[in-house]
Amino acid sequence: MWTPKSNAPRPPKVLPLVIEFLMRCLLLYVVGAVIVRFCWINTSDPYKCSALLNRGSWLDPAKSWNSVDDFKNWQPEGCMMHEYNAKDIKDCFQERRMVFVGDSTIRQIYWAVAYKLDPVRAVKEEERAMKHEDSEFTFNAVKLNFVWDPFLNTSKLEHELRYFNGDPSPGVVDNSAGLILAGAPGLWIAQDGTQNYLKDLKESIETVVPFMDHSNVPKSTSVPSRKDAPNLLLLAPVQTPRYQLLSPEKARLITPNKTIEMNEYLRQLSAHSEADILWSYAKMIENGIRQYEDDGIHLVQNVNVRKADILLNLRCNAISAKNGPPFDRTCCSTYARIGATQWMILLLGLLLPVALMMGSHKYTWRIGRLLPSSSVLKALTVFVLVLILCLYADRTQLFEKTQKHFRLDSFRYWCYAIAIIGVVSLRANTSSKHASVTVLEDGFLSRQQTEEWKGWMQAFILAYHYTGASHTKWIYEIVRLLVASYMFMTGYGHTLYFLRKEDYSLKRGAAVLIRLNLLSCALPYITRADYHHYYFAPLVTFWFMVIYFTLKTGHQYNEKTGFLLLKMFISALAVTGFTRIPGILESVAFFLKHTCAITINATDWRFRTVLDMYIVYAGMLLAVMYNLKSQTRKTNKKADVFQKPTRSWFVNDFTLIAALYVLPGFWAFARQFPTREEYNTWHPYISFIPILAYITLRNADFTIRGFHVTLRNHNSTAFAWLGRCSLETYVLQYHVWLAADSKGILRTGVFSSKTDAIILTPMFIWLSWHVAGATQKITTWILHEAVPRNLQTPGLEELELNEVRRAQRSDVLPSSRTHGNRLQFGNGKLGRMLASGVKTLEERLVARLGLLLFMMWMGNVTYW
């Protein structure tokens, strides 16, 4: 029976509403659990100093003997430990000394610090050094002293302790050491063979413990946020040997009972005094075998280097916040205090929900008219709340941060999960009438296909970042091709749009630039990161500007292919010169820093731009060819290429066969480069080869040797969905999924690492999706473009409801309307000026953009 088609709106689908509800509950639960853990459970160690001092585990325990790649990644509980280099040590200690007192186990740590300063000279001096004598090492005004004192009873130690000052005043000349590490003399006391070994240990330790009393240190220094960190006096526990490797004589004297009793005494001492004992040193060798050298007492080099890093992180991390991003040293450290601009954003985040409720309330509608429409307010609320989440997740100690460690099996599991999601969500194109029909109706490189392409590439890149696979060369080469593919689509998509639409208006340019940069420009004000730190947004912005001005120049002659190709060639030469000639980028960076307070690392920008310099022009060239072919077919009165594409112009039997051989051939060629640096020199010139091969295979729609290729008329809906918010996932991953500006991994501190990954990953993607929608809405609001009427405003009179709908249709700033008239500012001169300014903002896009840029400039120059 035929029934008339109803004009009533379709009811919303249940599944998206259920998912939305569950994700909101999950977000509230995670935030609540983290706050409870931080404010009530972990109150004794908010800055993770105790975690660094006492707890941790190896992320890379040894799997074979004498492996130089093992024991490089020590993970303290809930925080990130920085690997210090010579410059870091110099910035921290300036001209202060580091003093190491003890036996040969402490001497190993002394030489590990020396290796960090100057590895070549350290090796030579260690070979010449006498075993039972003092040593000194100076590099760039940083001075290291080793005092041979296995019983902690020499006059040199007494002298250092007498002048030790745990809280030096800034700017005051002080000869005390910046760091003293003393080793508990357990092994040497045990070797003496006396029965009073525990009494002897107590007498030796008691000479040091009184100087470890922190009662004279002001309370403010308990929070490691001072500009100048306090000096440290630390005690290493008795190092447990590997008894099976000891010589018979030492094995008879150094017994497990002795070392256990001596360390138990030290535990009681640290529990009932101010003594800071490095129990993490004991954890490093707990139940260990391969950490030891052949004598069973001394440790391998990598373990000693990590011991040195623990010392340096304890002493120096407190002053790292002033160095800016990346904030990758979160152990025993805090972040810079929230500034005025950040407080304004926090206040805005509190006011927007109130404004949203006021704007829709029956009795406060007259006040609500001064606000943007409800849809815009919702978008602003989502956007600002996510900014606040980025602040508290990655710029406070509220969430925990842990280090990355690459494991190939973990990376494979991520890839398996991505592949399964892609296969399960495969669907025939929505433009096809029947799924079984092999004749396609979808165009070459259609929107569905490019969104899917962006989606699966973004999924792979996210797995690459999360697992820390950047040091694996073959994975790095794949990711470099994926980034090049994004740049290819940038060149192809924008060029095709400009050639077909001939729209070089300010509104078009502003729409693209705001859409690309709204999130990455807002985040630096809340996270104190640099704009170029987000990499992808600045890069695609730069290339959009290049494409825009290349095609706009003389655009009335763009139908002449020769002229168009000449412009592209000149543009490529100009961009090459601008990027590669020394001094040009440096001058631009200098100008932006001193006029706009924008910091750009010219060396880093040159590296990133050069890597994908010519792939953008490959995309532009393909767009020119495609547009020329489509224009030819239209002239011949044939079917529109965008409706019924054919394969003959690009995808044919020959190109398909060539593509099948190109991809494995390129892979074999790329694997011949021994290092990433050598591959990078070739990448700008060869990256187009596998990309064009992929496009050929992805757009195939014919049969060869009985194999029916149906890739072109199917796509993964999950990847296409992810592709529509790929920009937001790339930017937000820095702060709400990863940590320390993508250097580490964000953890709740409540669940295990696997549970955190399962919980935080969908939450992060969900937030990215909402931010993408909010960004689009805010962009249309700034540009005054029409927006859909999808708001429900119950309780309003019909006259007011119509007025609201008219405001939504025109997207005029609601602050300028009240009962259909402009706001009255009075008849005075100031009132007329305000009214004129509001009118100008309403009617002129240039004025709105100018105001936006002025606000950003003011924020830049006043931020710090």
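Scan region 486-504 and give yes if some residue there is closer than 20 Å to ASP604 by Cα, touching a residue at least 40 places away in the same chain (Cβ under 8 Å), crowded, with 21+ Cβ neighbours inside 10 Å and of a type in the set (Gly, Ala, Ser), otherwise no. No, region 486-504 contains no residue that is closer than 20 Å to ASP604 by Cα, touching a residue at least 40 places away in the same chain (Cβ under 8 Å), crowded, with 21+ Cβ neighbours inside 10 Å and of a type in the set (Gly, Ala, Ser). Selection over region 703-732 of residues that are at pLDDT below 70 and within 30 Å of PRO538 (Cβ to Cβ) gives a count of 0. Screening ASP91 against (1) out of contact with any Lys or Arg (no Cβ under 9 Å at 6 or more places or on another chain); (2) farther than 24 Å from PRO326 by Cα; (3) surrounded by fewer than 19 Cβ atoms within 10 Å (Cβ to Cβ) leaves a single unmet condition, (2). Of the set (1) modelled with pLDDT of 90 or more; (2) in a helix (DSSP H, G or I), all apply to LEU697 but (1). Scanning region 576-604 for residues that are of a type in the set (Val, Ile, Thr), surrounded by 14 or more Cβ atoms within 10 Å (Cβ to Cβ) and under 24 Å from TYR525 (Cα atoms) turns up VAL588, ILE598, THR599, ILE600. State yes or no: is PHE100 aromatic (Phe, Trp, Tyr), more than 24 Å from the chain's Cα centre (by Cα) and closer than 28 Å to GLY288 by Cβ? Taking the combined requirement at face value, the residue satisfies it. Evaluation of THR402 against the conditions (1) modelled with pLDDT of 95 or more; (2) touching an Asp or Glu at 6+ places or on another chain (Cβ under 6 Å) shows that the sole unmet condition is (2). Find all pairs meeting these conditions: Cβ atoms under 6 angstrom apart; at least six residues apart or on different chains; first residue within region 620-642 and at pLDDT 75 or above; second residue surrounded by fewer than 17 Cβ atoms within 10 Å (Cβ to Cβ). Correct list of pairs: LYS629/TRP649.
Give the residue that is nearest to the chain's Cα centre (by Cα), with candidates limited to residues of region 249-267 that are of a type outside the set (A, V, I, L, M) and within 16 Å of LEU234 (Cα to Cα). Looking at the filtered set, the residue picked out is ARG267.
What about VAL846, is it hydrophobic (A, V, I, L, M, F, W, C), modelled with pLDDT under 80, under 42 Å from the mean Cα position of the chain (by Cα) and not assigned by TED's automatic domain parsing to the domain that holds THR599? Judged against the criteria, VAL846 is not a match. Note on region 33-75: residues that are under 23 Å from ARG267 (Cα atoms), among the polar types (S, T, N, Q) and in a loop (DSSP other than H, G, I, E, B) total 3.
Kindly evaluate PRO224 against the criterion of being over 35 Å from the mean Cα position of the chain (by Cα) and modelled with pLDDT under 80. It is false that PRO224 is over 35 Å from the mean Cα position of the chain (by Cα) and modelled with pLDDT under 80. Checking every residue in region 281-302 against the condition of being at pLDDT below 95, touching a Lys or Arg at 6+ places or on another chain (Cβ under 7 Å) and in a strand (DSSP E or B) gives at least one match. Would it be correct to say that TYR466 is in a helix (DSSP H, G or I), at pLDDT 95 or above and under 22 Å from TYR730 (Cβ atoms)? The answer is yes for TYR466. In region 850-864, the residues that are under 15 Å from ASP530 (Cα atoms) form Cβ pairs under 7 Å with partners that are among the hydroxyl-bearing types (Ser, Thr, Tyr), at six or more places apart or across chains, as follows: GLY859/THR341; GLY859/TYR525; TYR863/THR341; TYR863/TYR525.
The set of residues in region 415-448 being among the aromatic types (Phe, Trp, Tyr) and modelled with pLDDT of 85 or more consists of TYR416 alone. Please work out which residue is surrounded by the fewest Cβ atoms within 10 Å (Cβ to Cβ), limiting yourself to region 511-557 and to residues that are on the phi < 0 side of the Ramachandran plot and outside any helix (DSSP H, G or I). Taking the candidates together, the pick is THR553.
Of all residues in region 393-427, those satisfying the criterion of being assigned to a helix (DSSP H, G or I) and within 19 Å of TYR534 (Cβ to Cβ) are ALA393, ASP394. In this structure, does LEU380 turn out to be surrounded by 16 or more Cβ atoms within 10 Å (Cβ to Cβ) and at pLDDT 65 or above? For LEU380, the condition - surrounded by 16 or more Cβ atoms within 10 Å (Cβ to Cβ) and at pLDDT 65 or above - is met.
Sub-9 Å Cβ pairs linking a first residue in region 269-288 that is in the same structural domain as GLN108 (by TED's automatic domain parsing) to a second residue that is part of a loop (DSSP other than H, G, I, E, B) and aromatic (Phe, Trp, Tyr), at least 6 apart or interchain, are MET284/PHE71, ordered by first then second residue.
The values are calculated or read from the model by the stated rules, or taken from the named source; none is laboratory data. Treat the numbers as computed from the prediction; the structure is a model and nothing was measured. With ideal geometry, Cβ positions are generated from the backbone for all residues, glycine too; neighbour counts draw on all protein chains shown.
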